[in-house]
Amino acid sequence: MTHQNVPGLTLNNGVRIPQLGYGVFQIPGEKTQEAVEAALEAGYRHIDTAAAYRNEAGVGSAIAASGIPREDLFITTKLRNGDQARARDAFEESRDALGLERVDLYLIHWPVPSQGLFLQAWNDLEQIYSDGLARAIGVSNFLPDHLQELTRAADVAPAVNQIELHPTFQQRALADATRRHGMAVEAYSPLGQGEDLSNNAVVEISLRHQATPAQVVLAWQLASGNIVIPKSATPQRMRENLASVSVELTARDMEQINELDAGRRIGADPATASFSQY
Ligand SMILES: NC(=O)c1ccc[n+]([C@@H]2O[C@H](COP(=O)([O-])OP(=O)(O)OC[C@H]3O[C@@H](n4cnc5c(N)ncnc54)[C@H](OP(=O)(O)O)[C@@H]3O)[C@@H](O)[C@H]2O)c1
């Protein structure tokens, strides 16, 4: 499986994003370079990190060591909650840590409505975008009312909403609202942090396709039009997850997985999340 097999999606500003990428949440800083080097070796060209993950430097070292032309890579990072009042400076810190001239996608990590700062932060992201330092800008964990408030005020339309989305937590209303605003849906924790993989229907479908449960879940995500960023610390699973691009589900398989939605959120609720470590 090579990166040429991974389909691309076109964002609302014309920028192409590989629909399947590699997420590095919870990979310790000192292990990140090795993990990202293995992911690049496996064929990933899209990496998702965040200032809050404290591993941007490891991502940057892996990119530098890989020798892969910069234009072949798509690198996302995110603004930490505590930095919404100083987004421009925080962005420069991320850029330094990554060792990159520019990033491909820069996201506001959480809306933190109680802070009342996301519109101010968005102004800074618009400036970063117009200075050519981020090829696209967007948000993460924004709920429909946050999207409404943001898109009313924005000069540059947000390109992406990165949200928790997996078979037992499908967030259909939020995904629909995201698309209505012209934004792409990016699914985080796309495997339900591994917990959706033992679901009976998922296992049954995987046996029918001689695929693994992870490949079935990722194939469902891709066929649903979502960008996906599964994380694995092990090279064998990185390759397995990448190979999901060649698994073709039937309409019946898709329907069976659509029926698994159980409102089972794993992460924090964006309406109330305000934890400062992010
Ligand atoms: N914007 C946000 O607020 C936010 C929040 C959470 C996550 N994210 C992003 O989304 C990415 C992915 O989400 P996530 O890490 O929470 O969860 P995930 O990708 O759904 O699941 C990762 C877990 O599944 C296991 N796994 C991966 N591939 C597997 C396979 N083929 N077979 C069996 N188990 C497998 C991994 O174990 P091993 O590592 O041991 O293989 C790990 O425990 C993150 O890395 C991050 O980039 C964003």
*Give the residues of the range 154-213 that are buried (at least 21 other Cβ atoms within 10 Å of the Cβ), assigned to a helix (DSSP H, G or I) and more than 14 Å from the ligand (Cβ to nearest atom), sorted by residue number.*
Ile205
_Given the options Ala262, Ala219, Ala273, Ala243, name the one that is outside any helix (DSSP H, G or I) and within 14 Å of the ligand (Cβ to nearest atom)._
Ala273
*Could you give every pair whose Cβ atoms fall below 8 Å, whose first residue belongs to the range 28-52 and is on the phi < 0 side of the Ramachandran plot, and whose second residue is part of a helix (DSSP H, G or I) and of a type in the set (Asp, Glu), counting only separations of at least 6 or pairs across chains?*
Arg45/Asp72; Thr49/Glu56; Ala50/Glu56; Ala51/Asp83; Ala51/Glu93
_First in the range 221-238 and more than 20 Å from Gln26 (Cβ to Cβ) and in contact (Cβ under 8 Å) with a residue 40 or more places away in the chain, second anywhere and part of a strand (DSSP E or B) and not small (Gly, Ala, Ser), Cβ under 6 Å, 6 or more apart_ = Asn226/Val185
*Just a yes or no: is a residue in the range 57-78 over 26 Å from Thr2 (Cα atoms), free of Cβ contacts under 8 Å to residues at least 60 places away in the same chain and part of a helix (DSSP H, G or I)?*
no
*So which pairs qualify, if the first residue must be in the range 101-119 and over 11 Å from Val139 (Cβ atoms) and within 14 Å of the ligand (Cβ to nearest atom), the second must be assigned to a loop (DSSP other than H, G, I, E, B) and of a type outside the set (Phe, Trp, Tyr), the Cβ gap must be under 6 Å, and the two must be at least 6 apart or on different chains?*
Val112/Ser274
*Does Ile128 satisfy being of a type outside the set (S, T, N, Q) and surrounded by fewer than 24 Cβ atoms within 10 Å (Cβ to Cβ)?*
yes
*Mind checking which pairs have a first residue in the range 152-165 that is of a type outside the set (Phe, Trp, Tyr) and a second that is surrounded by fewer than 18 Cβ atoms within 10 Å (Cβ to Cβ) and assigned to a loop (DSSP other than H, G, I, E, B), Cβ under 7 Å, 6 or more apart or different chains?*
Ala157/Asn12; Ala157/Gly182; Ala159/Asn12; Ala159/Asn13; Glu164/Arg265; Glu164/Ile266; Glu164/Gly267
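Each value in this text was obtained by applying a stated rule to the coordinates, not by laboratory testing. All values derive from a computational prediction rather than experimental measurement. Note: ideal-geometry Cβ built from the backbone for every residue, glycine included; neighbour counts use all protein chains shown.
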